[in-house]
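The values are calculated or read from the model by the stated rules, or taken from the named source; none is laboratory data. Model, not experiment: these values are computed from the prediction. Positions of Cβ are generated from backbone atoms using ideal geometry, with glycine treated the same way; all protein chains shown enter the neighbour counts.
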Amino acid sequence: MNTPSPHPGPDTVTRVDVVAAASALLELGHRLVLMACHEDETEFRIVYSFARPFVDGADDRAELTLTIPRDDAWIPSLAGISLSAGNFEREIRDLYGVQPHDHPQPHRLVRHGHWPRGWYPMLRSAAEVPEFEPDVESFPFVEVEGPGVYEIAVGPIHAGIIEPGHFRFSVVGETIVRMEARQWYLHRGVEKLFEGLRPAEGIALAEQITGDTGVGHSLAFIMAVEDAAHIDVAEPDLLVRALLLEMERLYNHVTDIGSLANDVGFGIVDAHAQSLREQLLRINKTVTGHRFLRGGLVIGGSRVLQLPDPADLRRIQAAVEELVAVTLSHAIVRSRFTGTARLSEQEARTVGVLGYVARASGVDTDARRDHPFVNLGETFHVVTEERGDVLARYRVRAREFSVSVAVIIDLIARIGSFTAHSTSVDPGASGAGLALVESWRGTIAHRVELGADGILTRVKVVDPSFLNWPSLPLALSETIVPDFPLANKSFNQSYAGNDL
């Protein structure tokens, strides 16, 4: 069984050497998983978590910790060596007031212009919400000038029942020259809501971080708690967790397979795909009692009512594969998919994208293999494509669906008869824990800290959408405006997972 080995404690760094220390880890092949700010009694503590794939069965992780005084709250920016670090720093600035020095994009990220100046919602002193202001610091959209250039504004309120996001297109004819996105219209204070909860109370909150990824986020949260409290989980429970994660991948991937066809006018395929999604949701309810698989994960174990019937999954797999074949055999559909919204491998690596977006651009990354919590066996393999266009992102989803069915059926055989297990966190437990989980959209990271009484003092959440959204404008360059819905759906990033 491959399970993460205990990772080393954080290395203390200073403002003088933090950039060099982070650069050294990046050069060794580590990825910056997250940056988390902590408001301690008299100072701020910035934690930089890094990870790289398993080597010889060991999970290779590293942490840097930078402590700064409250009355001189600034950090050197890592934006010059990591695009994702730049966005983490802007997030910390907006939520804690810690300034990143020499940042190339110093404008606000999370807090919109009407948010009160000097009010930072993650601070303990921010309990009383001041009156919001007029828009005094508007988002600085770049204006593209030149013959025939005009702008199209989309959102933040959309025609469908989706969350808000604003897209500003600079266009010549029908071709997109530049697109800028503005998000964070619904900052919900999710990380703040975790503070003061007991770990078991935090599971329901984790399940609702983003509605389509209840298993992914709750599993990452639970595994981070178990890492912090040094709780071992039995093999059957790990297998059940892996099964639930793949079941969540199935219903989301089949939804996108139908929606992408619908965005090029092939609505009949979408109708059949949504029917298959409904069948999967009904199977989900027999497994955990909830259509979106909530309630199946507990600290120290798992809790399911029954396992799915392999015959049902094989039948649905055959129907999905038939839909994919019909879709890709249609000349107009294939023409619309091919070459549209291409994200090159170099662009994908520079931005640091994850999940099917990365794999469709030839970046071979998957936490199920790189940071496994259980051995998925020989039926599992990572699916990649090379073109980085809508067709590639479609094909990755379609192929992953079949792989996930095979993995689930193998897991069912390995689990056999199952007895639910759970463990309570020792009230005296304290420490920090990190978990990486490959949700259907990409790698989720949760880092938790437990106080001396076993209470959650800090939970940092990173949905893959936070890292993937910046890649969409790159892919849209030279795409035509009518293909924006198709391109956007092919990325299908979460607003809720981003706007925590």
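List of remarks:
- Picking from residues in the stretch 13-52 that are part of a strand (DSSP E or B) and of a type in the set (Val, Ile, Thr), the one that is surrounded by the most Cβ atoms within 10 Å (Cβ to Cβ) is VAL33.
- ASP212 vs. criteria of a type in the set (Asp, Glu) and either in a loop (DSSP other than H, G, I, E, B) or within 27 Å of PRO310 (Cα to Cα) (or both): yes
- Residues satisfying the stated conditions in the stretch 252-288, i.e. not in a helix (DSSP H, G or I) and not aliphatic (A, V, I, L, M): ASP263, GLY265, PHE266
- Only one of the numbered conditions (1) modelled with pLDDT of 95 or more; (2) in contact with a His (Cβ under 8 Å, 6 or more places away or on another chain) is not met by PRO4, and that is (1).
- Those residues of the stretch 58-88 which are of a type outside the set (S, T, N, Q) and more than 30 Å from ARG369 (Cβ to Cβ), in sequence order: LEU66, ILE68, PRO69, ARG70, ASP71, ASP72, ALA73, TRP74, ILE75, PRO76, GLY80
- Answer residue from the stretch 332-387, given it is among the small types (Gly, Ala, Ser) and farther than 20 Å from ARG441 by Cβ and is modelled with the lowest pLDDT among those: GLY377
- Residue check, ILE231 touching a helix residue (DSSP H, G or I) at 6+ places or on another chain (Cβ under 8 Å) and farther than 29 Å from GLU278 by Cα: yes
- Selection within the stretch 190-209 - within 15 Å of the chain's Cα centre (by Cα), not polar (S, T, N, Q) and not in a helix (DSSP H, G or I): ILE209
- Conditions (1) in contact with a Phe, Trp or Tyr (Cβ under 8 Å, 6 or more places away or on another chain); (2) not in a helix (DSSP H, G or I); number of the one not met by LEU376: (1)
- Of residues in the stretch 184-209 being closer than 24 Å to LEU307 by Cβ and in contact with a Ser or Thr (Cβ under 8 Å, 6 or more places away or on another chain), the one surrounded by the fewest Cβ atoms within 10 Å (Cβ to Cβ): ILE203
- Residue in the stretch 159-167 that is at negative phi, at pLDDT below 95 and in a strand (DSSP E or B) present: yes
- With respect to the conditions (1) in contact (Cβ under 8 Å) with a residue 40 or more places away in the chain; (2) in a helix (DSSP H, G or I); (3) aliphatic (A, V, I, L, M), ALA406 lacks only one, and its number is (1).
- Check on GLU163, under 26 Å from THR210 (Cβ atoms), in contact with an Asp or Glu (Cβ under 9 Å, 6 or more places away or on another chain) and among the charged types (D, E, K, R): yes
- Matching residues, the stretch 95-124, being of a type in the set (Gly, Ala, Ser), surrounded by fewer than 18 Cβ atoms within 10 Å (Cβ to Cβ) and modelled with pLDDT of 90 or more: none
- Residues of the stretch 266-289 that are of a type outside the set (A, V, I, L, M, F, W, C) and either touching a strand residue (DSSP E or B) at 6+ places or on another chain (Cβ under 9 Å) or touching a residue at least 24 places away in the same chain (Cβ under 8 Å) (or both): HIS272, ARG277, GLN279, ASN284, THR288.
- Qualifying residue in the stretch 462-477 (condition: under 30 Å from PRO164 (Cα atoms), part of a helix (DSSP H, G or I) and of a type in the set (Val, Ile, Thr)): no
- THR443 satisfies every condition listed in (1) under 25 Å from the mean Cα position of the chain (by Cα); (2) of a type outside the set (D, E, K, R); (3) surrounded by fewer than 24 Cβ atoms within 10 Å (Cβ to Cβ); (4) modelled with pLDDT of 95 or more except (3).
- Annotation: HIS290 fulfils all but one of (1) loosely packed, with under 14 Cβ neighbours inside 10 Å; (2) within 24 Å of the chain's Cα centre (by Cα); (3) of a type outside the set (Phe, Trp, Tyr); the unmet one is (1).
- Flag for VAL320 being within 13 Å of TYR251 (Cβ to Cβ), under 26 Å from the mean Cα position of the chain (by Cα) and not charged (D, E, K, R): yes
- Lone unmet requirement of (1) under 30 Å from ILE81 (Cβ atoms); (2) in contact with a Ser or Thr (Cβ under 7 Å, 6 or more places away or on another chain); (3) not aliphatic (A, V, I, L, M) for GLU143: (2)
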